[in-house]
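**Q** To start, I am sharing the structure in question, which I have written as C-alpha cells.
The values are calculated or read from the model by the stated rules, or taken from the named source; none is laboratory data. Quick caveat, the model's predicted, so the values are computed rather than measured. Cβ placement follows ideal geometry from the backbone for every residue including glycine, while neighbour counts extend to all protein chains displayed. What goes into the accessible areas is simple: the full protein's heavy atoms, side chains included, and nothing from ligands, DNA or RNA. Shrake-Rupley method; radii C 1.70, N 1.55, O 1.52, S 1.80 Å.
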Amino acid sequence: QVQLVESGGGLVQPGGSLTLSCTSSISMFSIEQMAWFRQAPGKQRERVAVASADGRIDYEDFVKGRFIISRDNARNAVHLEMNNLQPEDTAVYYCRAWAGTVGYWGQGTQVTVSS
C-alpha cells in the first residue's frame, strides 16, 4: 500500500504562483509514474501533468508553459510548480502514483484562484 500526502494548496490571486508537493510513503525508485490531476466543482477529474521514472514528462495543453512537474527522488516526492494561475485553475489537485500495475491517489489539496 502506498500513501500519498499532498500539500501546498491555498488561495492565490490571478497571475500568482503556488507549488504543490506530494510525498510518497515508499521510495520513488519503486514508482513508475507520478502525476497530478485536478477536479473542479461539477467537472470530471482531469490529468494535468505526469512524470515517469525514465525522465519523460508530459503536460496537458491547458497548463503547458505555466506549470512544471518535477520528481524529487531524495524526498520521495513530486512537485507541481504552478505559475500565472487563473480562476479556471481553481480545483482540488490530486497526486497519483503507479507502482507496478496498481494506482494510488492522494487525498487532494484545494487550490483557489480568486481576487
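**Q** Inspect all residues belonging to segment 26-37 and state whether any of them is assigned to a helix (DSSP H, G or I) and open to solvent by less than 40 Å² (accessible area, probe 1.4 Å).
**A** yes
**Q** Another one. Out of everything in segment 3-33 that is among the aliphatic types (A, V, I, L, M) and at pLDDT 95 or above, what residue ends up being farthest from Ser115 (Cα to Cα)?
**A** At the first step, the residues of segment 3-33 found to be among the aliphatic types (A, V, I, L, M) are 4-5, 11-12, 18, 20, 26, 28, 31.
Okay, now just the ones that are also at pLDDT 95 or above, so 4-5, 11-12, 18, 20.
Details: Leu4: 30, Val5: 28, Leu11: 9, Val12: 8, Leu18: 15, Leu20: 20 Å.
Per the stated criteria, the residue is Leu4.
**Q** Taking segment 48-97 only, how many residues are in contact (Cβ under 8 Å) with a residue 40 or more places away in the chain and among the basic types (Lys, Arg)?
**A** Of the residues in that region, 3 qualify.
**Q** Right, next: Quick check on my filter: what residues within segment 88-115 are in a helix (DSSP H, G or I) and open to solvent by less than 70 Å² (accessible area, probe 1.4 Å)?
**A** Residue satisfying the conditions is Asp89 alone.
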